[in-house]
1. Being over 29 Å from residue C:90 (Cβ atoms) and touching an Asp or Glu at 6+ places or on another chain (Cβ under 8 Å), is that true of even one residue in region B:335-342?
2. Find all pairs meeting these conditions: Cβ atoms under 7 angstrom apart; at least six residues apart or on different chains; first residue within region B:108-128 and within 19 Å of residue B:172 (Cβ to Cβ); second residue aromatic (Phe, Trp, Tyr).
3. Working carefully through the options C:51, C:21, C:6, find the one that is at pLDDT below 90 and open to solvent by less than 50 Å² (accessible area, probe 1.4 Å).
4. If you check residue C:53 against the conditions, is it part of a helix (DSSP H, G or I), at the interface with chain A (Cβ under 10 Å from one of its Cβ atoms) and not acidic (Asp, Glu)?
5. Out of all the residues in region B:283-336, which are more than 30 Å from residue B:150 (Cα to Cα), hydrophobic (A, V, I, L, M, F, W, C) and either touching a strand residue (DSSP E or B) at 6+ places or on another chain (Cβ under 7 Å) or away from chain C (no Cβ under 13 Å) (or both)?
6. Only one of (1) among the hydrophobic types (A, V, I, L, M, F, W, C); (2) facing another protein chain (nearest Cβ under 9 Å); (3) within 15 Å of the chain's Cα centre (by Cα) is not met by residue A:110, so which one is it?
7. Could we say that residue B:496 is closer than 26 Å to residue B:199 by Cβ and not charged (D, E, K, R) here?
8. Do we have residue B:261 as under 22 Å from residue B:195 (Cα atoms), touching a residue at least 60 places away in the same chain (Cβ under 8 Å) and either within 14 Å of chain C (Cβ to nearest Cβ) or outside any loop (DSSP other than H, G, I, E, B) (or both) here?
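The values are calculated or read from the model by the stated rules, or taken from the named source; none is laboratory data. Note that this is a predicted model, so its numbers are computed, not measured. Positions of Cβ are generated from backbone atoms using ideal geometry, with glycine treated the same way; all protein chains shown enter the neighbour counts. Only protein heavy atoms, including side chains, enter the accessible area calculation; ligands, DNA and RNA are left aside. Shrake-Rupley method; radii C 1.70, N 1.55, O 1.52, S 1.80 Å.
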Amino acid sequence: MADATLHLRDHYEDLAKQTHAARLGMWVFIGSEALLFAALFALYAAYRIAYPASFRAAAAHTNLFLGTAMTFVLITSSLLMANAVLSARLARPGRSVGFLAGTAGLGIIFLGLKAVEYTEHFRDGIFPGAFYAFARLPAPGARVFFTLYYFMTGLHALHVAGGVVLLAWLARRAHRGGFTPEYHTPLELGGMYWHFVDVVWIFLWPLFYLLR
Amino acid sequence: MSTTTTPPASPGTRRIDYLNVETTIRSWLTTTDHKRIGILFLIMTTAALALGGVFALLLRLELLTPGGTFMDAMSYNRLFTLHGVVMVWLFLIPSIPGAFGNFLLPLMLGARDVAFPRLNLASVYIYAIGAVVVLAGAVLGGADTGWTFYPPYSTHTPTAVVPVLLGVFILGISSTITGLNFIVTTHTLRTEGMTWLRIPLFVWAVYATSIILVIATPVLGMTLLLIILDHAFRLGIFDPALGGDPILFQHLFWFYSHPAVYIMILPAMGVMSETVSAFAHKNIFSYNAIVIATLGIAFVGFLTWGHHMFTAGMSVFDSGAFGILSMFVAIFSAIKVFTWVSTLYKGSIALDAPMLYFFGFLFLFSFGGMTGVAVASMSLDVYWHDTYFVVAHFHFIMVGGSMMGFLAALHYWFPKMFGRMFPARSSTVAAVLVITGFILTFTPQFWLGNAGMPRRYYSYPDRFQTLNVISTVGSWAITAGLVLIGAYLLYALRWGARSGPNPWGSLGFEWNTPSPPPPHNYEEPPVITHQPHEYWRTAE
Amino acid sequence: MSEPHLSARTYLFTWIALVVLSALTLLLSVAPLGPFHVPVALLIAGTKGVLIVLFFMHLVEQRSVNRVAVIFWLLLLLILISLTAADVATRSLDLRPPVSG
């Protein structure tokens, strides 16, 4: 198949091996990213044990409606992403582009909601670290909660933003016919990245919005 | 990637190999050939070793007299911080995997390259950028926190903490990429017949190291990022004044830094497994034991980080848990030592330079390892923590272990990499200098630590001077040995005798290629039917 | 010719399960669960994560080495979080043996 030799690198015996290598490499990369966030989750766990009342009180001040909306947005975006990859497998590149655009759109909505949320907090004087000035919850535990909140959701939002850029690039490539049923590895890997970002949020949501 | 076949050399001209196929600077800077990438790492990490060594020499010079000798306390603090940072992150972590792992893995697996060659090239540039950023921090005066950067001091000190940590963060990205590449290479690019239990032991060692690299390094990256943000923007996550807990930094830091010491020693152990077989002309006493011990060290190494924190204020429960878990690592290390020694029995031992470094390693690593078990006992560590006893322990492992591994690898595979031989007598002299110099430098430090001399102090009570002087003289001997090595290896690169494909008569798989190897290693993928180093097959 | 793959229906069912589990988490967060709030929330979040990893990320149809990798990573993640948190949780525990004499 002409398509196979176009993408096959000469140190792999066949395209199947190369695709498997790419997937394994992506899992290893995602594992590394997971541990990046794990360090922060470890801090959250330790500080929650140290400041149980403050953490609950601070969690009550996050915007539950917005947080839940963001969860729904990301879960749906993952559905669209999975379908984008499936469309490429079924040789429907047009639908693939559509699904990718939808995923990216939901990602942008997510970031918009986050911006609204942060603005709300800034108005209340809730800033990270030494700049924290929320008069209603002056306890050090609350300050730590919100510092972790900003850092973890902020880092996550950065990953979402990066993901949106990645999706735009994938959509462009799909639009130009770059993906076929035999070869759509970048699309698959991009999908894995996007789903990983969703998984991180699935843990952030209860920890910062629900456990109040 | 083009599939070029190397044209047959016409009579009178030299065979095409990876070194002479293209000789422009541009071809080196844009190479995706794992062998050239290995050489680039070799050059950079050796330079780092030299730099870190210069810092060490200055430190030891200062310690010749009890009071200030030629520098003040602040300069001393900056120097030992830089010594630690450069040695750990610019040399010990990347050297054997980056230089020899890159060069040898595909050769040993019968592959034409690593899984992701362009990513491999990226790791070279990212390393270089990280190193430059660290050096920029050094030029700006460096940090005075020690290589461990404990807050709250590290987040309040006015020294150049941010560039140094930023550089380390970038270096971490490079080593994570290397680890990822090696894992996928080992899983997917083994040649026909190369089952997991036929992989060379050096590959197993680098594979286990790679697992640690990809899991532990991100945690370090995150932790250092938090310190940078705290220092620059008062994020305060570890600052007691802002509700933070500085001990949590130590948990995250050591979650990486304890497995990091296994990143530093496992590749050296892999080198030793190859060296002992090649130079005793005997296959390893138990291949399976080494594999199990290698994986065991990699896994258990993740469970022990709290033994660096016994005196930090950690809970008694955690201290007990980590103390018990730390004991298990020693079991696997001991299995390896016994296996190597058993390999020597009834072997035909050749005392070339790599074998001398093997013996140095065997003695120094065993001794250092045992003192590790000692300091992992909480009740003993309460006394020894932050004294020279700990300094001696980890230098026995880092220098007596890892650096010996690096030197053994350098000498064993020099002919493979460059097709030349180094002068035998000079190499013996250098090895003796390095090993005895090492013993002179670091053995007195056990006594000093036990007598109560604290680490990271530029001055000390008069009664400690004699041992300090001996230690400093030892450092000069190590330096002489290393300088000699550099000299004759550089000489051999240009004027050394041509080595032929396999001067050591080794049955490692990498020796099935010419020395230096051709650009794509193997024209036809080799078929493997047995383990490496099966010397009993060859009729003597 | 492409390899066997999950269908759009599988993805839809996965999505429905995720939405249902999210609603469940929300409901349980206001239920009187006392000290079980955290483990319950984490358990449901974990289930959702597993669903995404298995189906959206295709782990269920990939080679077993990828599954081993994911499990191994998870294990070490848990070790990091639990032993660090255990330190803070047990600081007030006095585990010294009773002094005699």
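1. For region B:335-342, residues over 29 Å from residue C:90 (Cβ atoms) and touching an Asp or Glu at 6+ places or on another chain (Cβ under 8 Å): absent.
2. Pairs found: B:124/B:41.
3. C:6
4. So residue C:53 passes the test.
5. B:284, B:285, B:289, B:290, B:291, B:292, B:293, B:331, B:332, B:334, B:335, listed by residue number.
6. (2)
7. Criteria not met by residue B:496.
8. It is false that residue B:261 is under 22 Å from residue B:195 (Cα atoms), touching a residue at least 60 places away in the same chain (Cβ under 8 Å) and either within 14 Å of chain C (Cβ to nearest Cβ) or outside any loop (DSSP other than H, G, I, E, B) (or both).
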